[in-house]
1. Return yes when A:Arg167 is in the same structural domain as A:Leu213 (by TED's automatic domain parsing), within 12 Å of DNA strand C (Cβ to nearest atom), at pLDDT 95 or above and surrounded by fewer than 21 Cβ atoms within 10 Å (Cβ to Cβ) and no when it is not.
2. Given the conditions (1) within 24 Å of A:Pro175 (Cα to Cα); (2) modelled with pLDDT of 95 or more; (3) within 16 Å of DNA strand C (Cβ to nearest atom), and given that A:Tyr55 satisfies all but one, which numbered condition is not satisfied?
3. Any residue at all in the stretch A:115-131 that's away from DNA strand B (no atom under 16 Å from the Cβ), surrounded by fewer than 22 Cβ atoms within 10 Å (Cβ to Cβ) and either of a type in the set (Phe, Trp, Tyr) or in a helix (DSSP H, G or I) (or both)?
4. List the number of the failed condition for A:Leu44; all other conditions in (1) of a type outside the set (Phe, Trp, Tyr); (2) touching a residue at least 12 places away in the same chain (Cβ under 8 Å); (3) surrounded by 14 or more Cβ atoms within 10 Å (Cβ to Cβ) hold.
5. Out of all the residues in the stretch A:63-79, is one or more closer than 30 Å to A:Leu173 by Cβ, outside any loop (DSSP other than H, G, I, E, B) and in contact with a helix residue (DSSP H, G or I) (Cβ under 6 Å, 6 or more places away or on another chain)?
6. So, in the stretch A:139-157, how many residues would count as being within 12 Å of DNA strand C (Cβ to nearest atom) and in a loop (DSSP other than H, G, I, E, B)?
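The values are calculated or read from the model by the stated rules, or taken from the named source; none is laboratory data. Keep in mind that this is a model prediction, so the values were computed, not measured. So basically every Cβ, Gly included, is an ideal-geometry build from the backbone, and we count neighbours across all protein chains shown.
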Amino acid sequence: MIADRLLQWYDRHHRDLPWRVSPPMAARGERPDPYRVWLSEVMLQQTTVQAVKAYFALFTERWPTVVDLARAGTEDVMKAWAGLGYYARARNLKKCAEAVAFEHGGVFPDSEEGLKALPGIGDYTAAAIAAIAFDRPSAVLDGNVERVISRLHAVEAPLPAAKPQMRALVAALTPAGRPGDFAQAMMDLGATICTPRRPACALCPLRDDCRVLGRDDPELYPRKAAKKEKPVRRGAAFVAEDETGAIYLRKRGESGLLGGMTEVPGTGWTARMDGETDPVAAPFPADWAACGTVTHVFTHFELRLSVYRAAVPRAAANGDGWWQARGTLDGEALPTVMKKAIRQALPDVFQKGKFS
DNA sequence: CACCCGTGGCC
DNA sequence: TGGCCAAGGGT
């Protein structure tokens, strides 16, 4: 049986991760804290394990329970999330914590349907929490599982159309016993053996069951629909510095790109050349000096941002933003592209490391 | 279904 | 160097 072979492999080769309960402990009936499972799953959406670890430690230390997170200020949560990307996740995380804390008595729903009704929890995350935290035999399908299952069964249909077919194949494979370990085993297999490039098929516990191995190049699976090309957008960013070295910041709108995050004033980002050499669009008149451009690649476009710098008297700033003292920038809800722009204008402004 | 939504690491 | 990819969800 495929699930048994996979679970035996998992018992020996599972990854130890901060949000996990190890297989021996799980075998004794110990379940992981649903709050930690949920938090890790949301952080891991389209995000690498390595990137998540530090954020997970910070969040769980600062907000040990879902009620703590529900009582936190949204602004503090956004600041803590800064750098992780996909900021709608942070807004939904807060909303979800409030729903669980105040409408479900602080207890996470233990069914897939109940979980999926919460903000920021979709098909994958609902199935994953139900399986891992509540021992439900739900079909967990993420990018790793898609890769494993498409190779195992030589699925020729391309994603995303093939998703229902893949989910059915996973459902058929999911055992009644240890469904949470099975889901995590599939993901570990995809992350460490059945990798996108150069999979270690010689070490795979499912090699005898794999319909692609020996017949075709595993790297060709899963098949995917052709993707669109990324357009280039341009804009300008203005880094104003007052007499004390403070920097002028403002808050972006709540929705859309980088919603609710902090920024330096700037032009819009368009496909035209406008922003490139347009200090006229500055937030207040000053002797703006061009100091180069930064490039930042978002999911669906590439941004080339022209950066300007000027010394601006504190009283001359009449916008809707605020002056943020030097040395306190690290704690702000600044997305990476804004840290890049500020660093382009003032190379020494951040305390440590790369961007945080 | 198609599009929107970040970031960093990898080869 | 740049395209690809990572434990996707919302609209």
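1. Against the criterion (in the same structural domain as A:Leu213 (by TED's automatic domain parsing), within 12 Å of DNA strand C (Cβ to nearest atom), at pLDDT 95 or above and surrounded by fewer than 21 Cβ atoms within 10 Å (Cβ to Cβ)), A:Arg167 qualifies.
2. Single failed check for A:Tyr55: (1).
3. No, that holds for no residue.
4. So A:Leu44 meets the others, but not (2).
5. For the stretch A:63-79, residues closer than 30 Å to A:Leu173 by Cβ, outside any loop (DSSP other than H, G, I, E, B) and in contact with a helix residue (DSSP H, G or I) (Cβ under 6 Å, 6 or more places away or on another chain): absent.
6. 3
This table checks each residue for (1) among the acidic types (Asp, Glu); (2) without any contact (Cβ under 8 Å) to a residue 60 or more places away in the chain; (3) not in a loop (DSSP other than H, G, I, E, B).
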| residue | (1), (2), (3) |
| --- | --- |
| A:Gly259 | no, no, no |
| A:Gly268 | no, yes, no |
| A:His296 | no, yes, yes |
| A:Arg304 | no, no, yes |
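Here is a yes/no grid of residues against (1) more than 16 Å from DNA strand B (Cβ to nearest atom); (2) under 15 Å from A:Cys204 (Cβ atoms); (3) touching a residue at least 12 places away in the same chain (Cβ under 8 Å); (4) not polar (S, T, N, Q):
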| position | (1), (2), (3), (4) |
| --- | --- |
| A:Ile2 | yes, yes, yes, yes |
| A:Tyr10 | yes, yes, yes, yes |
| A:Asp16 | yes, no, no, yes |
| A:Trp19 | yes, no, yes, yes |
| A:Pro23 | yes, no, yes, yes |
| A:Ala26 | yes, no, yes, yes |
| A:Arg36 | yes, no, yes, yes |
